[in-house]
Structure formats: structure tokens, C-alpha cells
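The values are calculated or read from the model by the stated rules, or taken from the named source; none is laboratory data. Predicted model only: the values in this text are computed from it and were never measured. With ideal geometry, Cβ positions are generated from the backbone for all residues, glycine too; neighbour counts draw on all protein chains shown. What goes into the accessible areas is simple: the full protein's heavy atoms, side chains included, and nothing from ligands, DNA or RNA. Shrake-Rupley method; radii C 1.70, N 1.55, O 1.52, S 1.80 Å.
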Amino acid sequence: MKVCVVGIGHVGSTVAYTLLVDESVRELVLVSRDQRRVEGEVLDLQHASNFLDTPANVTAGDLHTGGCDIVVLTVSGKQATAKRSSLAKENADIFRAIVPPLATANPSAIIVVVSNPVEALTQLTMQLTGFDPARVLGTGTLIDSLRFRSALSRHLGIHPDDVRAYVIGEHGDFQFPLLSSASTGGVRLLPDDVPAEAIESTTQSGQMVFERRGYTNFAISQAVAMIVRSIAFDQRRTLPISTMVANVGGFAEVCLSVPCVVGRRGVLRKLLPKLDDNERTQFEACAREVAEVYASMR
């Protein structure tokens, strides 16, 4: 499995290191506008790979590097606020410059969008590449869902892996948890099982990290690694990620985060849960938000 990480800032370098130590890739290519920085990252990762049972081949590349199975896009302008949509126009311009040559060089690759606003940029990437939408996906609300499960596990005294709960919609202020289908051990969670603090911590924790550190990188890198593993080993895990969804909120097509089965060919199946009336309203609000942000990129 050959993976290319484009954009070697705080997130990109951590994604590269996480993929390396995860030992799920055989070749790892780093691409950045800062050639001196990327050469240093490559050397450091090459040294780190010597401690692994199956070291990967780590190299520096460019936008014309071909033969990649997965291209991970972490490239971004500098985020000045915790509001992810603030980077919409700047990151859209960056994507218009880098995505077409990457797609030309890697016509069979699966593209994983990490940069924010992730749903709108995933939709833009689909348009720029012309790829089958199944081969373009965003990290979406995967990290938010894991945060939500973690908060519920602490409240319930249950391991996070045993909590079946998803946050869907968009990776931003309009995201919401699917309370109507949250469960553990086959038992649906009742309203009293989901304290308001669990929902608040899910939506606010990313902002808290950003305000204290100026960026987030560790958790999102684990989310990327989970997606890459599911693709590389055809694990077919059900992950809440950004993908194209039809007929929501009056829009024929819009990228939203919903549970998807992810395997070697990308998005193998979209699982659209039955929503109650309140959830349907929230889902449609997410569609309007993403469509508005996407329109602002033009």
C-alpha cells in the first residue's frame, strides 16, 4: 500500500508518523510546499522506521508523484480561529491548484480529505477529480463520534468500543448525535443515559484543544489511520465520514457525514439511519450549511 500525504504541517506530519508506526503502509510519500521541511521530516521518519518490525519506505515527492493507492490531503492555510469554515475560500483555492495534478498522476487512487471545512472540500475534490464519488471521502465526523462515545463510556462505565453511537451531519457547529439509535449491548440508550455534558463536550472539545494549543493533530491522525487501515486491509468498518448524499434539505446532492462501510474500493455502502423528526431537521440544517460553505468557495 502506497500512501501520499500532502501538506506536512502539524496535522500532516503527525498523520505520516501515525501511519508509519501503524505499519499499515509499505510506501509513504510526503509532499509539501516547504521542501526543506519535508526533507527533514522524511529523514526523521526513516530513522523512526528502523525501530519497526516492518519498516516502510519513506520518501519526498511532489504533485506529480504517481502510483499511490491513497492520497491524504491535509494541506491548509493557517487557521486563525476555531471556526473551521473560516478557511473555506483559501483552502478551496489551494485545492484547485493541487488536486488536478494529483488526480492525473494517481487516476486509481482513493482520496481522503482531512482539511477543513471537510465536507465542502470533499465535494470540491469530487468535482475537481471527476472520480467516482466512492473514491473521494472526508474524515467527517469520525473524530466527533469517537469523542461522543468516549464521553458516554465515562458516564456509563462502559468501554468506548462497546458504545454504538454516531455524530453525523457536518464536522462543525451543526453536527449532532444520533440519539434515537444510540445503544450498547443491543440495548437502546434512553435520554437519561445521555447527559447534556456528553453532547457539549463532543462539540466543544476540538475548540478547547485549539484554544489551548493553536491546533489539533493527535486525534485526527488516529482517525485518518483508522480510515487508511479499513481501506488497506478491506476491513469494511462502518465509519461516519464525509460522502455525497442525495436529496437532503432540498439539495439534489451535498456532502455530509453519515455512517459508511469503508473498504478497498473506498465507500462501499452508505448507511442512512432512520431519523426522528428533530434529527431530520438537524440533518437538513447541516445540508444547508455545507451547501452555503461550498457556494462560498466558487
When every residue in the stretch 93-143 that is open to solvent by less than 10 Å² (accessible area, probe 1.4 Å) and touching a Pro at 6+ places or on another chain (Cβ under 8 Å) is compared, the one nearest to residue 61 (Cα to Cα) is 140
Kindly indicate whether residue 190 is free of Cβ contacts under 8 Å to residues at least 24 places away in the same chain and either on the phi < 0 side of the Ramachandran plot or touching a Pro at 6+ places or on another chain (Cβ under 9 Å) (or both).
-> yes
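Would you pick out the residues in the stretch 153-171 that are of a type in the set (D, E, K, R) and either in contact with an Asp or Glu (Cβ under 9 Å, 6 or more places away or on another chain) or within 16 Å of residue 238 (Cα to Cα) (or both)?
161, 162, 164, 170
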Where in the stretch 194-298 are the strands (runs of 3 or more DSSP E), entirely inside, with at least 1 residues that are open to solvent by less than 10 Å² (accessible area, probe 1.4 Å) and under 22 Å from residue 13 (Cα atoms)?
-> 237-248
Restricting attention to the stretch 89-115, the residues that are basic (Lys, Arg) and in a strand (DSSP E or B) number exactly 0
Output the residue which, of all residues in the stretch 148-171 that are of a type outside the set (Asp, Glu) and within 14 Å of the chain's Cα centre (by Cα), is nearest to residue 256 (Cα to Cα).
-> 169
Which one of these is modelled with pLDDT under 95 and in contact with a Ser or Thr (Cβ under 7 Å, 6 or more places away or on another chain): 206, 263?
-> 206
Tabulated pairs, the stretch 135-161, first among the charged types (D, E, K, R), second open to solvent by less than 40 Å² (accessible area, probe 1.4 Å) and part of a loop (DSSP other than H, G, I, E, B), C-beta under 6 angstrom, 6+ apart or interchain = 144/175; 149/165
Would you confirm whether any residue within the stretch 135-156 is farther than 24 Å from residue 282 by Cα, outside any helix (DSSP H, G or I) and modelled with pLDDT of 90 or more?
-> yes
Where in the stretch 1-79 are the strands (runs of 3 or more DSSP E), entirely inside, with at least 3 residues that are open to solvent by 10 Å² or more (accessible area, probe 1.4 Å), over 21 Å from residue 139 (Cα atoms) and at pLDDT below 95?
-> none
